[in-house]
Amino acid sequence: MEYSPDTVALLFDKNLDKNVAGIACVTKRNGHWNAVSVQDFRMKVQHLALAMHRLGVKKGDAVSIHSPNSSEWLLCDQAILSIGAINVAIYTTQPVDQIVYILNDSKSVFHFVSDHTMYETLKPRIQEVSSLGHVVFMEPKESGDPQASSPEQHEEKGQDGTPVYFSFQELLAIGAEYEAHHPDLFEQLRSQVSKDDLANINYTSGTTGVPKGVMLSHYNLVTNTIASLERLPFSPTQEASNVLSYLPLAHMLERIGAYLYTGAGATIYYIDDLQDIREDMQYVKPIFFATVPRLLEKIHTGLKAKGQELSGVKKRLYYWALHMAEHFDPEQLPTGFAKQQWKIADALIYKKIREGLGGHIEGTMSGGAALHPTVMRFFNGIGIKCGIGYGLTETSPVLTASLPDRIRIGSAGKPLQDVSIRIAEDGEVQAQGPNIMQGYYGLPELTKEVMTDDGWFCSGDIGYIDEDGWLFITDRKKALFKLSTGKYVAPQPIENGLTASPYIDQAVVMGAEKKFVTALIYPDWVRIEQRLAQKGITLSEEHRESEPAVIQLLQDEIDKVNAPLPAWEQIKKYSCLLEALTIEKGELTPKMSIKREVVTGNYKPLMDSLYEE
């Protein structure tokens, strides 16, 4: 496949010409939607890039972004890459110790932060980052923000070890003024960036260890963008060209998504609160959104719970339609009488569900974790193409994805163009391709550990490839555990089964070196209370996990998950967590994966109690 242009900035700029609506992106803040036209986007990228250059940012310098999703985030990204600097993205949920580590490890010289509130925890420790010269507040100035400075004050203020502060508008003004005196400089700087230059250092801690910087080149990202475009299950039109974004741009899945959406000609809508996604769907009317399984699971369980509000024929009809969708196979479309049944269900039920998602939705792609087959069948069954993409930060990130016109339930798809996948003797998924990272920043020995002698990247995931070339992921290699009986257990599929229940929000399956499998569960108390209220049962806040009705409800859900499992994988005991697992307590990664070692440490007494005779 031909990959041209071969740098991200040139490819992104070229793809803006495909934009259907003339609006590059839109951001929701405090209830207001703020749009950036394609013309303004290009101008602002140019001014931001020239301002950074004016302030001393050079090719190869690291520039960090610490902000929620926004048009400004994407503008900064493209400005950074346009001058050959390196984007170092920081999750909004990362603790300050990790932020300081990332800034120092990457030697960041320039820091974009959304606002004063986001900067609050870093500010007292900013002098620990000796390389940092400038901090820019991306959103409108609030009272209490550090005083902004002009470029003429740069040398004077930098000498006391604190950075120089700018607002976003001030930075744009510096760039506009500099462009007036150097009208050809931006193109000169952008043309000096080569495909082999680093574009990103993405720090990922995974489920173990301190953050490590994944180095991705322009060519890594360009090849992944162009190859992934072939897998998008939507086509923007004049009537419908909006995509919705809620996953963090700090994560490569949504970052490459932004490049893909632009390449498809779509307008990106960034929302600011996932709690408002139902209302935002109605406003945006998206044709597509990328997601992690948890949102799809919540939509699915929410729809199932909604049926409890109905009665009589309406209730039976509703659950008949949902049941049919949960058994839908996109590779074997219904024919004859079954097709007529689907049309009736679509007219009466499925169409209304799609209207609840904005009415224009064509598809969604799930990544980051396994998607339960029932949920995957359900969304395809109600007329929304629901595929799976698979990859890692180290692979830029997409390795495999479902096809636009063919989806295999449970599969992570087929390899992208020029990407090769093989399964090692121990079941590990290994990959080769132009999207494989350049290595871990400053960690050559760690880089060697994840590469085979013949040049294949070791994913750390266990999986298999079926006879038709579809990849299936079983679990993380490190997550597999062995019972004292010698049997191996893959916890993730069991956990996915548990969290597919409307009454279970989080689950951790355990049993390493024990006789049997157990689970820690954090219930969805809102749904449990709603369900029991329908039976006339009211729960008290204190010791609600000990209520017989709750114990029976959760045990029924566990029994459903246990039913198809071999005896040694079945959950024999469980205990309820009193509070949810969180990123702040170190129990979850920024993409919400479970850190098993941390959970084990935090809840050891509770876990041990499950194995007491």
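Can you list residue pairs whose Cβ atoms sit under 7 Å apart, with the first residue in segment 520-532 being closer than 14 Å to Val509 by Cα and the second being modelled with pLDDT of 90 or more and acidic (Asp, Glu)? Count only pairs 6 or more apart in sequence or on different chains.
Tyr522/Asp505
Of all the residues that make up segment 575-606, how many are under 30 Å from Lys212 (Cβ atoms) and either part of a loop (DSSP other than H, G, I, E, B) or assigned by TED's automatic domain parsing to the domain that holds Gly368 (or both)?
17
Tell me which of these Glu529 doesn't satisfy, since it passes every other one: (1) surrounded by fewer than 21 Cβ atoms within 10 Å (Cβ to Cβ); (2) modelled with pLDDT under 95; (3) closer than 23 Å to Gly427 by Cβ; (4) out of contact with any helix residue (DSSP H, G or I) (no Cβ under 7 Å at 6 or more places or on another chain).
(3)
Which condition number in (1) modelled with pLDDT under 95; (2) in contact with a strand residue (DSSP E or B) (Cβ under 9 Å, 6 or more places away or on another chain) is the one that Gly486 fails?
The failed condition is (2).
Given (1) in contact with a helix residue (DSSP H, G or I) (Cβ under 9 Å, 6 or more places away or on another chain); (2) over 25 Å from Pro590 (Cα atoms); (3) modelled with pLDDT of 95 or more, identify the lone condition not met by Glu2.
Evaluating Glu2 over (1) in contact with a helix residue (DSSP H, G or I) (Cβ under 9 Å, 6 or more places away or on another chain); (2) over 25 Å from Pro590 (Cα atoms); (3) modelled with pLDDT of 95 or more leaves (3) as the failure.
Please work out if Ile551 is more than 25 Å from Gly368 (Cβ to Cβ), surrounded by fewer than 20 Cβ atoms within 10 Å (Cβ to Cβ) and of a type in the set (A, V, I, L, M).
yes
Looking at segment 25-103, what strands (runs of 3 or more DSSP E) fall wholly within it and have at least 2 residues that are not hydrophobic (A, V, I, L, M, F, W, C)?
Values: elements: 32-37, 62-66, 86-90.
So the answer is 32-37, 62-66.
Can you pull out the residues in segment 97-144 that are out of contact with any helix residue (DSSP H, G or I) (no Cβ under 7 Å at 6 or more places or on another chain), exposed (fewer than 14 other Cβ atoms within 10 Å of the Cβ) and over 19 Å from Asn87 (Cα atoms)?
Listed by number, the residues that qualify are Asp97, Thr117, Glu120, Pro124, Gln127, Pro140, Ser143.
Yes/no matrix, rows are residues, columns are (1) hydroxyl-bearing (Ser, Thr, Tyr); (2) free of Cβ contacts under 8 Å to residues at least 12 places away in the same chain; (3) in a strand (DSSP E or B):
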residue: Thr474; (1), (2), (3): yes, no, yes
residue: Lys478; (1), (2), (3): no, no, no
residue: Thr485; (1), (2), (3): yes, no, no
residue: Ile494; (1), (2), (3): no, no, no
residue: Gly497; (1), (2), (3): no, no, no
residue: Pro502; (1), (2), (3): no, no, no
residue: Ala507; (1), (2), (3): no, no, yes
residue: Ala512; (1), (2), (3): no, no, no
residue: Lys515; (1), (2), (3): no, no, no
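How do the helices (runs of 4 or more DSSP H) wholly within segment 166-259 filter down when requiring 2 or more residues that are within 25 Å of Thr395 (Cα to Cα) and touching a strand residue (DSSP E or B) at 6+ places or on another chain (Cβ under 6 Å): which remain?
Ranges flagged: 218-229.
Of the residues that sit in segment 412-449 and are closer than 23 Å to Ser366 by Cβ and among the charged types (D, E, K, R), which one is surrounded by the fewest Cβ atoms within 10 Å (Cβ to Cβ)?
Only one residue tops the list, namely Glu428.
When both residues are 6+ apart or on different chains and their Cβ atoms are under 7 Å apart, which pairs have a first residue that lies in segment 234-258 and is outside the structural domain of Glu394 (by TED's automatic domain parsing), and a second that is in a strand (DSSP E or B) and among the basic types (Lys, Arg)?
none
Contact list please: Cβ distance under 7 Å, first residue in segment 346-374 and acidic (Asp, Glu), second residue surrounded by 20 or more Cβ atoms within 10 Å (Cβ to Cβ), pairs at least six apart or on different chains.
These pairs meet every condition: Glu362/Pro233; Glu362/Phe234; Glu362/Ile287; Glu362/Phe288; Glu362/Lys385.
The values are calculated or read from the model by the stated rules, or taken from the named source; none is laboratory data. What you see is a predicted model; the values in this text were computed from it and never measured. Cβ: placed from backbone, ideal geometry, glycine included. Neighbour counts: every protein chain shown.
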